[in-house]
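Below is one structure, written out as structure tokens; comments come after it.
Read the figures in this text as sums done on the coordinates, not as results from a lab. Because the structure is predicted, anything quoted here is derived from the model rather than measured. Here the Cβ is made from the backbone with ideal geometry for all residues, glycine too, and neighbour counts use every protein chain on show.
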Amino acid sequence: MAEAGIRLQKVLAQAGLGSRRACEDLIAEGRVEVDGVVVTEQGVRVDPRSAVIRVDGERVPTAPDVVVLALNKPRGIVCTMRDERGRPCVGDLVADRADRLFHVGRLDANTEGLLLLTNDGDLAQRLAHPSHGVEKTYVATVPAPIGRDVGRRLRSGVELEEGTVKVDSFAVLEALPGRALVELTLHEGRKHVVRRLLEAVGHPVESLVRTRFGPVRLGQQRPGTLRAIDGAELRSLYTAAGL
């Protein structure tokens, strides 16, 4: 009768950690944990669907059917998998996929940019929950000029309906006559929080794009397109979620 599970070095290699020989070296060096226990013995078998494996403290997703996608959500697309009112929605953009996908948090219809989709409900829930403090970066177009105290006010905290909300960082990327491009990073996930913050400091948003979610960046990805998150980027995402 065959032993249950798959050899650990094979699981690591399939997860993109290098050749099987390189993964054997990782194990021998004591850099691999399985379910919280450091493994140094070669040939240990694991169930990749259920084992929690870490290399150098970073989670290695090994379940073979996990899907994580980055979508550059266009403006005007409703952030739901199905819209009862028939409006264009995120679900339309992945309608040809067999996976049962969840969107991680929301972007309002008028906000563009990075939206994560996954079939891992636990990952989606943890990334969206503010207790895990996963940072998100936005670039907004707002009326100019930007007062010198705007960044200080946003970093020290602005009073909104539900209490004081702070940004982690604020920068003016570009200043033009009558209009400016600003970048904010925060880990809050409250509804319309970026728009409300900027309006509260006198700079209502004209356009808004999310450019980063934790370790995942939008980069040059075109609106309406999807790309798979895998390898080191996927490992960093799981670690950011505390998984």
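Summary table below
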item	result
Residue, farthest from residue 141 (Cα to Cα), within segment 67-80, restricted to residues that are part of a loop (DSSP other than H, G, I, E, B) and within 18 Å of the chain's Cα centre (by Cα)	67
Residue, farthest from residue 233 (Cα to Cα), within segment 46-61, restricted to residues that are in a loop (DSSP other than H, G, I, E, B) and in contact with a Lys or Arg (Cβ under 8 Å, 6 or more places away or on another chain)	52
Residues that are on the phi < 0 side of the Ramachandran plot, in a loop (DSSP other than H, G, I, E, B) and exposed (fewer than 15 other Cβ atoms within 10 Å of the Cβ), drawn from segment 27-45	29, 40, 41, 42
Helices (runs of 4 or more DSSP H) lying entirely in segment 114-222 (those with 3 or more residues that are charged (D, E, K, R))	150-156, 193-200
Filtered residues of segment 200-225 (kept if surrounded by 15 or more Cβ atoms within 10 Å (Cβ to Cβ) and farther than 30 Å from residue 158 by Cα)	221
Every pair of residues 6+ apart whose Cβ atoms lie under 6 Å, when the first sits in segment 183-205 and is farther than 13 Å from residue 138 by Cβ while the second is of a type in the set (D, E, K, R)	201/153
